[in-house]
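Structure first, then comments.
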Amino acid sequence: MPEITFVRSRSILRDRLVQLLVYAAVLVVSGVFIWILADLVRGGVAHLSWNFFVDSPRDAGRAGGIGPILVSTALILLVALVVALPLAWATAVLLAEFVPATSKFGTIVRYSLQVLAGVPSIVFGLFGNAFFSIYLGLGFSILSGGLTLACMLLPILVSTAEAGLRAVPENYRMSAAALGMSRTATLLHLLLPAAAPALAAGLLLGIGRAVAETAALLFTSGYVERMPGSLLDSGRALALHIFDLSMNVPGGDAPAYASALVLVVLLLAINIVAMKLAYGLQRKRIMPA
Amino acid sequence: MFRSVFTDTLLRWVLQAGAVVSALVMAMIMLFLLSESWPVLQHLSLAQFLTDSSWHPLEGSYNLTPMLSGTLYASMGALLLAVPLGIASAIFIVYYASPRSALLYRRLIELLAGIPSVVFGFWGLTTLVPLVNQLHPPGASLLAGILVLTLMILPTIALMTYAALIAVPDEYIRSAAALGLSGWSMIRGVALPAARTGIVAGIVLAAGRALGETMAVLMVAGNVVQHADSLFDPIRTLAANIALEMAYAMGDHRAVLFVSGLMLMLLVMTLSGLAGWLGKKSYA
């Protein structure tokens, strides 16, 4: 009998210990997350003002604002989305609606995208530099950077859109076919609207990925901090601006903090909206209206 | 009727064209990396990257081993820290937390995953590096790189482990409870083994992330080309080397950087392929 109580109390002790360790890990992770956010807010909030958002950087970015950098970031993003969205959504529609899941063509496309999703961003940068900047002669430009990012965004845009389309109930398609709707009409008027929240969530995730990217833009869209005059001008993205200020500009910490704060707040907002959309989807599926 | 058949055929062609272009991107990347590395692969043997006396690309000596060891040390170190933290995070969400705090903590992990690498690097540079410096100068070091990488790969491990634990069939858990197993005995004896493949897939995926990560490590690890003797030595990773030297590299030097990019990609692709295969196996 004493032996049993001994074993019991030892296992209770062990349970407590493990629980303690798990809670400690959670505290560490949450603590570091809050630490990072607090650091960014503390270092950056004093530097933020309306002028910071509209002025041009002066003195290598130590003074002035990030106006042209925000414009360049937006243009790079725009190029990436204009190219990647039609390709990705066409691929997703084809994979989800037109080819059987086990067909050879579908398998090849899906496998190729899966591999693409694993490519490190610096390798996208090398490719973009060799192909868009040099082979196609676009040089260091917003266009090269945007096209490189478009390649990078394809996998996430395709997989979210395909999942969204597959979640549309089968009887939508059956009813449409029974009514004699063409597949094009079914797609445009029924399936795409029904999958819209998933498409939007994927789009936001893609935007988040693109805005956060630095390594792929280093040798494609370049470093120039002037206001871009056209898509063939070099333009510095916000993430690259933070990198440059903190690594190459002594005394650039305050604007770097402020830029990092802007970037993180932007990304948190984008990700929270994307999560809300995805969560809403899940709930709808569990409790059909 | 004829018109709708026509538009359907047209649509099908448009979609097919889009899918072909999407699939070709990967092939193009392969092609261009190979063609850019080709000049060097032709007249240098691969062994030279391991046996040359040093990394002095301008004088034609291309020893990549310091970068390889730096990459491996940093990734292994980060895994060593991130695996227990990530798995503990997932266990907390699934078994210990109230529904409210589970959701809150899961959101926190997902948001952590969305923080860009340049911000992790910047935070590491302004906060971690001075702290490490107080411990042992110079501060920009393998240790700082490991800590920053840990934060970046932790969400992958935590979220994949979470997905694997959620997928453990309920009857396993209930049977364990019926046998009188509770708390840690149940988690270690039943839940973790049942979720093992998914967890390993997450770890492998995270390893791929760590190997390929560029900016954050570049900003905090010091970038000295050397084999690290201690955690406080500065190191340079393969990816950081590409980012640092691409700007001025020409001729053979540039081609060597493409070779290292190719190596990095093949390595990461193997790992993510492995993770995908494991993932499929665990939910089959």
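Computed over the alpha-carbon pairs of chain B, the distance histogram in 5 Å steps reads 1, 5, 10, 12, 13, 13, 12, 10, 8, 6, 5, 3, 1, 1, 0, 0 percent, short to long.
Remark: C-alpha extents of the stretch B:180-277 on the principal axes read 67, 33, 19 Å, sorted largest to smallest.
Along the positive direction of the dipole of the protein assembly as shown (beta-carbon charges: Lys, Arg +1; Asp, Glu -1; about the Cα centre), which of A:ALA258, A:ALA80, A:THR107 reaches farthest? It is A:THR107. In the protein assembly as shown, taking the dipole from charged Cβ atoms about the Cα centre, the farthest positive-side position among B:THR197, A:ALA216, B:TRP123 is held by B:THR197.
Listing B:TYR95, A:TYR279, B:TYR73, A:TYR257 from the residue with the fewest other Cβ atoms within 10 Å to the one with the most, what is the order? The partial results should precede the final answer.
Working: B:TYR95 17, A:TYR279 13, B:TYR73 20, A:TYR257 26.
Ascending Cβ contact count within 10 Å gives the list A:TYR279, B:TYR95, B:TYR73, A:TYR257.
Taking beta carbons within 10 Å but only from partner chains, what does the mean come to for residues B:224-232?
Details: counts 0, 0, 0, 0, 0, 0, 0, 0, 0.
Taking all residues of B:224-232 together, the mean is 0.
Under 5 Å between amide hydrogens, built in the peptide plane, is the criterion, and for B:SER61 it picks out B:HIS56 among residues at least 5 positions away or on other chains.
Can you put B:LEU192, A:LEU136, A:LEU40, A:LEU217 in order of Cβ neighbours within 10 angstrom, beginning with the fewest?
On the way: B:LEU192 18, A:LEU136 12, A:LEU40 25, A:LEU217 31.
The most exposed by this proxy come first: A:LEU136, B:LEU192, A:LEU40, A:LEU217.
For B:TRP123, B:TRP13, B:TRP277, which order do you get if you count the other beta carbons within 10 Å of each Cβ and list the fewest first? Write out the running numbers ahead of the final one.
On the way: B:TRP123 28, B:TRP13 10, B:TRP277 13.
Result, fewest neighbours first: B:TRP13, B:TRP277, B:TRP123.
The charge dipole of chain A, taken about the Cα centre with unit charges on the Cβ atoms of Lys, Arg (+1) and Asp, Glu (-1), comes to about 920 debye, rounded to the nearest 20.
Counted over the protein assembly as shown with a bin width of 10 Å, the fraction of Cα pairs per bin, in whole percents, is 3, 16, 26, 26, 17, 8, 3, 1, 0.
Note: the stretch B:197-247, Cα convex hull, 94 Å³ per residue.
3J(HN,Hα) along the stretch B:258-266, derived from phi through the Karplus expression 6.51 cos²θ - 1.76 cosθ + 1.60 where θ = phi - 60°, amounts to 5, 4, 5, x, 4, 4, 4, 5, 4 Hz, with x in place of Gly and Pro.
I need the peptides B:243-249, A:153-159, B:98-104 ranked by packing, meaning the mean over residues of other C-beta atoms within 10 angstrom, with the highest value on top.
Going from most to least packed, we get A:153-159, B:243-249, B:98-104.
Let me have the relative contact order for chain B, percent, based on Cα pairs under 8 Å that are six or more residues apart. Don't jump to the answer; show the numbers that get you there.
Working: 374 pairs, mean separation 72.7, N = 284.
Result for chain B is 26 percent.
Candidate cross-link partners of A:LYS276 among the aspartates and glutamates, defined by an alpha-carbon separation under 17 Å and a same-chain spacing of 8 or more, comprise B:GLU110. For the stretch A:85-212, the convex hull spanned by the alpha carbon atoms encloses 118 Å³ per residue. Each Lys or Arg adds one and each Asp or Glu subtracts one; over the other residues with Cβ under 13 Å from the Cβ of B:LEU149, this totals 0. Once the Kirkwood radius over Cα pairs is known for the stretch B:2-43, the Stokes-Einstein relation at 25 °C and 0.890 mPa s delivers a diffusion coefficient of 192 µm²/s. For A:ALA63, the residues 5 or more places off, or on other chains, whose built amide H falls under 5 Å of its own are A:ARG58. Summing charges over all other residues whose Cβ lies under 13 Å from the Cβ of B:ALA19, with Lys and Arg as +1 and Asp and Glu as -1, gives +1. Over the stretch A:197-289, the Kirkwood radius and the radius of gyration, each from Cα atoms, give a ratio Rg/Rh of 1.14. Rounded, prolate or oblate, given the Cα gyration tensor of the stretch B:1-84, with a/c below 1.5 counting as rounded? Cα axes put the stretch B:1-84 in the oblate bin.
Just the C-alpha atoms of the stretch B:43-175: what Rg/Rh do they give, with Rh taken as the Kirkwood radius? Let's see the in-between values first.
Numbers: Rg = 20.3 Å, Rh = 17.7 Å.
Expressed as Rg/Rh, it is 1.15.
Might you report the magnitude of the Cβ-based charge dipole of the protein assembly as shown about its Cα centre, with Lys and Arg at +1 and Asp and Glu at -1, to the nearest 20 debye?
Details: 32 positive and 25 negative charges, 404 e Å.
Dipole size: approximately 1940 debye.
How would you classify the stretch A:7-131 from its alpha-carbon gyration tensor, with a ≥ b ≥ c the square roots of the eigenvalues: rounded for a/c under 1.5, else prolate if a/b is greater than b/c, otherwise oblate? Can you show the working numbers first?
Working: a/c = 3.01, a/b = 1.09, b/c = 2.76.
Oblate, because a/c is 1.5 or more while a/b does not exceed b/c.
Each of A:LEU238, A:PRO68, A:LEU116 was scored by the projection of its Cα onto the charge dipole of the stretch A:68-286, and the greatest displacement toward the positive side belongs to A:LEU116; charges sit on the C-beta of Lys, Arg, Asp and Glu.
Taking the Cβ of B:HIS136 as the centre, find all other residues whose Cβ is under 14 Å away and add up their charges (Lys, Arg: +1; Asp, Glu: -1).
Details: positive: none; negative: B:ASP229, B:ASP233.
Here the count lands on -2.
Given axes a ≥ b ≥ c from the Cα gyration tensor, I'd like to know whether chain A is rounded (a/c under 1.5), prolate (a/b larger than b/c) or oblate. Note, shape of chain A comes out oblate.
Readers should treat all values here as calculations from the given coordinates under stated rules, not as data from a laboratory. Predicted model only: the values in this text are computed from it and were never measured. Counting neighbours? That spans all protein chains shown, and the Cβs are built from the backbone with ideal geometry, glycine included.
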